[in-house]
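K.L.:
This structure is in structure tokens; I'll ask about it shortly.
What follows is calculated from the coordinates using simple rules that are stated; it is not laboratory data. Quick caveat, the model's predicted, so the values are computed rather than measured. Glycine also receives a Cβ, built like all others from the backbone with ideal geometry; neighbour counts cover every protein chain displayed.
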Amino acid sequence: MQETLEQFVRALRAADVRVSPAEAIDAAKAARAVGYADRALFKDALCATLAKSADEVVRFDQTFETFFRRDPFSLLEPEGDPGPDGEDRDAAEASGAAASELAQALLRGDSVTLAQAMEQAGERAQVSEIRLSTQRSRLTRRLLEEMGIGEIERIIANARRLPNGEGLGDRLDRGRRALMAEAQAYVERQHELYASGSGRQLREEMLAKKALNADGGIDPVDLAVMQALVKKMAKRLADRYSRRRHKANRGHLDVRKTLRKSMAHDGIPFEIAWKIKKVDKPSIVAICDVSKSVAAAAQFLLTFLYSLNEVVDRLDAFAFSGRMICVNDILDDNGVEGAIFKVLSTIGFQQTDYGRSLQDFAEQHLDRLDRHTTVIFLGDGRSNFADPRLDIMHMIQQRSRAVIWLNPEPESYWGQGDSVMHRYERFTHVAKHCNTLGQLERIIEDVLRTYSAH
Amino acid sequence: MTLTISQTAGARAADPFASVDALVEGLASVGYIASRRIATALYMAANLQKPILVEGSAGVGKTELALSTARLIAKPLIRMQCYEGLDESKALYEWKYGKQLLYTQILKDRMGEQLSDAPTMDAAMDRLHGMGDLFFSEPFLEPRPLLRALREDDGCVLLIDEIDKSDEAFEAFLLEVLSAYQVSIPELGVMVAKTPPLVFLTSNNVRDLGDALKRRCLHLHIPLPDAALEQRIVATRVPGIDADLTEQLVAFVQNLRTIDLRKPPSISETVDWARALVLLHAGSLDPVMVRDTLNVILKFEQDVAAVEPQIVELMARR
């Protein structure tokens with residue numbers, strides 16, 4: 001059982017449930033405490049020790065069901081009564097079927113023996129080491145060989161050559177085919193357990209590095225994965241940075257306060273005051289370009305904005321292409337897909353006009369900026385040869401704590417054609433090429449960190 | 001000798017932690033209707049002596065589980081509410097600084113006398129050393145919840161409520177307490193619990209807890225209950241409620257949860273509502289009654305506004 005548990009832990013890890021060795025030991029203890037007799041109890045006990053969050057519980061349930069599912073073998077029932085038939089027995093003796101355990105089990109339709117044999121063969125063939133879907137057919141073959149399929153094939157051939165062995169051969173052949181189907185299903189299940197998860201991990205890693213404005217945008221297949229990824233990133237950032245308001249700094253005496261309080265006690269310091277450091281919560285104004293030129297990236301910038309909005313308290317989000325609007329309410333009131341769709345249909349995909357949009361911002365929302373605010377621009381800085389209104393940009397820079405510009409285009413493109421990126425760049429504290437989710441996360445993290453660093 | 005044996009046998013028969021089923025029954029007898037999963041987690045926590053981390057949305061009975069367990073095993077419950085800025089001195093122990101100071105002030109003259117006849121400076125110092133430790137001893141120690149729980153020699157239930165509201169630093173500090181059931185106090189040494197307390201941590205998932213903490217705990221997620229379980233809970237919590245009314249109101253609440261609301265009603269709201277309806281002598285649900293009492297189950301103005309026009313439809317849906 002120990003080994004089975006270890007295998008199960010491996011399957012869990014493949015399903016993205018993090019299990020540490022200590023937890024695996026706990027699980028073994030738990031299993032010993034509750035026993036294996038009651039399946040539901042066993043499952044609940046393992047669940048309590050291994051799955052440590054609500055969505056891990058969901059994944060645990062799935063993995064448990066797949067891992068401990070053993071469908072009964074759907075072998076053909078042996079027709080008639082094979083035993084006493086004299087001819088059959090002779091044929092069995094002559095072909096060697098009588099001496100082979102596997103053949104006997106097949107003939108009897110003994111699913112329990114066969115299932116056990118398959119488990120053992122599976123261990124010998126190391127089916128659980130499966131990594132890629134292309135390994136399936138090879139492993140199926142290995143599994144069958146370990147079970148002794150070669151022997152069965154030889155027996156079938158022998159039986160067919162015998163004058164009265166045709167019936168036996170046919171029956172064995174049917175059994176063989178059923179066995180092969182079972183073996184395939186077995187390997188398939190192992191693949192599902194151990195390999196499908198690692199495939200997803202690989203894909204997530206790749207997606208984090210994939211260019212957001214790549215030709216043709218993101219594969220629709222990856223869209224859901226990508227959105228989940230973005231959410232995860234935003235949550236991670238917010239977890240780390242949104243909750244540090246007070247940093248109690250005990251150990252540093254606040255002498256002035258203590259002396260003042262001691263006045264009442266004849267100068268004896270009965271009440272001691274300690275210095276408390278206040279840490280600012282990040283206050284962010286995010287301005288996102290959703291025009292045609294950044295269409296592919298816009299969706300993900302918005303997703304990121306959306307996720308960030310869910311977790312950062314003080315975030316003001318704006319979107320613009322021809323004009324600029326505040327999208328706080330849209331992000332607050334809708335689900336992620338709905339919100340993105342709504343933003344894009346309200347304002348998206350028009351001709352970019354940076355000057356006009358900045359003017360909108362200056363007229364209506366300039367009061368959102370103060371010396372604690374970090375302004376993040378997400379855009380390509382292509383203004384279609386309109387006036388870029390650098391004066392407003394200058395004003396924004398003056399009023400805010402930091403201006404950060406994230407541009408999906410590589411730096412070599414800046415300043416080419418209608419790009420006024422270099423001119424805007426002068427009014428930013430940081431201007432960076434940001435083209436993948438990985439980069440996006442890193443930059444936003446830097447922004448948030450500056451708040452807690454001192 | 002015989003007596004002790006029969007006593008332990010008697011105790012074992014009544015031991016609520018004998019099996020999961022016994023635990024379900026035991027909890028039911030103190031008014032907590034637990035699902036098998038909840039009972040299993042609790043059973044494991046007692047058997048493996050591990051803290052148990054309870055997650056779930058507000059009002060599904062996380063805190064209540066700890067209270068009921070304490071009632072069940074008849075041990076004191078020590079509760080620690082977490083909040084931002086909670087630190088060691090409020091969670092573990094504090095020196096009674098005021099008392100120390102007061103005592104030194106009162107004893108000032110005494111000490112002066114004692115020291116005055118010391119022939120040399122060294123001798124005076126030696127005497128002072130002897131007195132110094134007086135002020136850092138147990139009488140001047142103010143134990144806070146964690147230390148109190150460790151010093152309960154007969155064991156207790158320690159509830160660390162809303163751990164997700166505390167800082168990461170505090171979480172790290174908890175690790176020693178939770179894994180070894182001991183704390184180190186520099187002036188007094190390491191304090192080890194004679195009987196490890198049964199520890200409950202609850203979390204509303206305001207932030208993700210650190211892996212180190214999660215790893216040391218068993219995890220229990222309490223979901224919103226299904227209709228049958230909820231009916232049993234209401235029936236247990238609100239004695240004297242009509243069976244028909246229970247069924248109707250639970251069905252209504254279950255329907256409410258399928259709508260997209262800011263805060264879907266959880267068990268505590270259902271129970272409150274049931275109490276309110278009993279107080280109003282309602283025999284069955286009718287739309288007017290529901291509209292008047294909607295504010296008991298829905299805690300946001302928008303939610304109430306969204307649900308009001310649908311009341312009749314929601315009541316009809318089964």
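K.L.:
Counting other C-beta atoms within 10 Å, which of A:Y413, A:Y36 has the fewest, and how do the rest follow? Could you put the intermediate results ahead of the total?
P.N.:
Values: A:Y413 16, A:Y36 11.
Exposure proxy ranking, most exposed first: A:Y36, A:Y413.
K.L.:
While we're on this one: Rounded, prolate or oblate: which fits the range A:291-381 when a ≥ b ≥ c are the square roots of the eigenvalues of the alpha-carbon gyration tensor, with rounded for a/c under 1.5 and prolate only if a/b beats b/c?
P.N.:
Numbers: a/c = 1.61, a/b = 1.02, b/c = 1.58.
Here the range A:291-381 falls in the oblate category.
K.L.:
Taking 1 over the mean of 1/r across every pair of different Cα atoms in the range A:86-194, what Kirkwood radius in Å do you get?
P.N.:
Numbers: mean 1/r = 0.0697 Å⁻¹.
With all distinct Cα pairs of the range A:86-194 included, I get 14.3 Å.
K.L.:
Run the dipole for the range B:227-316 about the Cα centre, Lys and Arg Cβ at +1, Asp and Glu Cβ at -1, nothing else charged, and hand back the magnitude in debye, nearest 20. Walk me through the numbers on the way to the answer.
P.N.:
Details: 8 positive and 13 negative charges, 65 e Å.
Result for the range B:227-316 is approximately 320 debye, rounded to the nearest 20.
K.L.:
Okay, moving on. Within 13 Å, Cβ to Cβ, of B:A274, how many net charges do the neighbouring residues add up to if Lys/Arg are +1 and Asp/Glu are -1? Could the numbers behind the result be given before it?
P.N.:
Details: positive: B:R232, B:R237, B:R275; negative: B:E230, B:D242, B:D244, B:E247, B:E269, B:D272.
Result for the neighbourhood of B:A274: -3.
K.L.:
Taking the inverse of the average 1/r across all pairs of different Cα atoms in chain B, what Kirkwood radius in Å do you get? Before the final figure, lay out the partial values.
P.N.:
Values: mean 1/r = 0.0430 Å⁻¹.
Result for chain B, one decimal place: 23.3 Å.
K.L.:
Among the DSSP beta bridges whose two residues both lie in the protein assembly as shown, what percent are antiparallel, rounded to the nearest 5? Spell out each step's value before the answer.
P.N.:
On the way: 15 of 54 bridges.
For the protein assembly as shown, the DSSP antiparallel bridge percentage is about 30.
K.L.:
Given charges of +1 on the Cβ of Lys and Arg and -1 on the Cβ of Asp and Glu, with all other atoms neutral, how large is the dipole of the protein assembly as shown about its Cα centre, in debye to the nearest 20? Please list the in-between numbers first.
P.N.:
Values: 98 positive and 112 negative charges, 424 e Å.
Roughly 2040 debye, rounded to the nearest 20.
K.L.:
Could you please tell me the mean projected area of the C-alpha convex hull for the range B:227-316, averaged over all directions and given in square nanometres to one decimal? Provide the component values of the computation, followed by the final result.
P.N.:
Numbers: hull surface 20.2 nm².
Averaged projected hull area, Cα only: 5.0 nm².
K.L.:
Looking at B:I267, B:V312, A:I392, which one has the Cα that reaches farthest to the positive end of the dipole of the protein assembly as shown (charges on Cβ: Lys, Arg +1; Asp, Glu -1)?
P.N.:
Going by the Cα projections, it comes out as A:I392.
K.L.:
Any idea which of A:I149, A:A92, A:N164 is furthest toward the positive side of the dipole for the range A:86-194, if Lys and Arg beta-carbons carry +1 and Asp and Glu beta-carbons -1?
P.N.:
Result: A:I149.
K.L.:
State the answer as a single residue: which of B:G130, B:Q100, B:M111 lies farthest towards the positive end of the charge dipole of the range B:93-141, with beta carbon charges of +1 for Lys and Arg and -1 for Asp and Glu, about the Cα centre.
P.N.:
B:Q100
K.L.:
By how many degrees, between 0 and 90 and to the nearest 10, does the Cα long axis of helix B:227-237 differ from the longest principal axis of chain B?
P.N.:
60
K.L.:
Then there is this: With n ≥ 4 as the cut-off for DSSP H runs, can you work out [θ] at 222 nm for chain B, using -39500 (n - 2.57) per run divided by the number of residues, rounded to the nearest 500? Spell out each step's value before the answer.
P.N.:
Working: 17 runs with 173 residues, N = 318.
The helix-only estimate for chain B comes to -16000 deg cm²/dmol at 222 nm.
K.L.:
Are there any trypsin sites (Lys or Arg not before Pro) in the range B:106-205 that are in a DSSP loop and have at most 15 other Cβ atoms within 10 Å? List them by number. Walk me through the numbers before you get to the answer.
P.N.:
On the way: sites: B:K108, B:R110, B:R127, B:R148, B:R151, B:K165, B:K194; in loops: B:K194.
Answer in residue order: B:K194.
K.L.:
Under the Kirkwood approximation for Rh and a Cα-based Rg, what ratio Rg/Rh is obtained for the range B:69-193?
P.N.:
Numbers: Rg = 19.3 Å, Rh = 17.1 Å.
Taking Rg over the Kirkwood Rh, I get 1.13.
K.L.:
When the dipole is taken about the Cα centre of the range A:86-194, and only Lys, Arg (+1) and Asp, Glu (-1) are charged at their Cβ, what size is it in debye, to the nearest 20? Working shown, then result.
P.N.:
Values: 16 positive and 19 negative charges, 83 e Å.
Charge dipole, the range A:86-194, about its Cα centre: 400 debye, nearest 20.
K.L.:
So what are the range B:41-99's ellipsoid semi-axes, whole angstrom, largest first, if each one is the square root of 5 times an eigenvalue of the alpha-carbon gyration tensor?
P.N.:
Three semi-axes, in Å: 27, 16, 12.
K.L.:
Once you have all Cα-Cα distances for the range A:343-410, histogram them in 5 Å bins from zero and send the whole-percent values.
P.N.:
4, 15, 23, 27, 20, 9, 2
K.L.:
While we're looking at this one, here's another question. Within 10 Å, at most 15 other Cβ atoms, and a DSSP state outside H, G, I, E, B define an exposed site. Report the longest part of chain B free of exposed GluC sites (Glu not before Pro).
P.N.:
Between the exposed loop sites, the longest stretch runs B:188-318.
K.L.:
Sticking with this one: Could you give me the radius of gyration and the Dmax of the protein assembly as shown, taking only the C-alpha atoms into account and expressing both in angstrom?
P.N.:
Spelled out, the Cα radius of gyration and Dmax of the protein assembly as shown are 34.7, 124 Å.
K.L.:
Additional query: Could you give me the ³J(HN,Hα) list for the range A:336-343, computed from phi with Karplus coefficients 6.51, -1.76, 1.60 and θ = phi - 60°, whole Hz, x at Gly and Pro?
P.N.:
4, 5, x, 5, 5, 4, 5, 4
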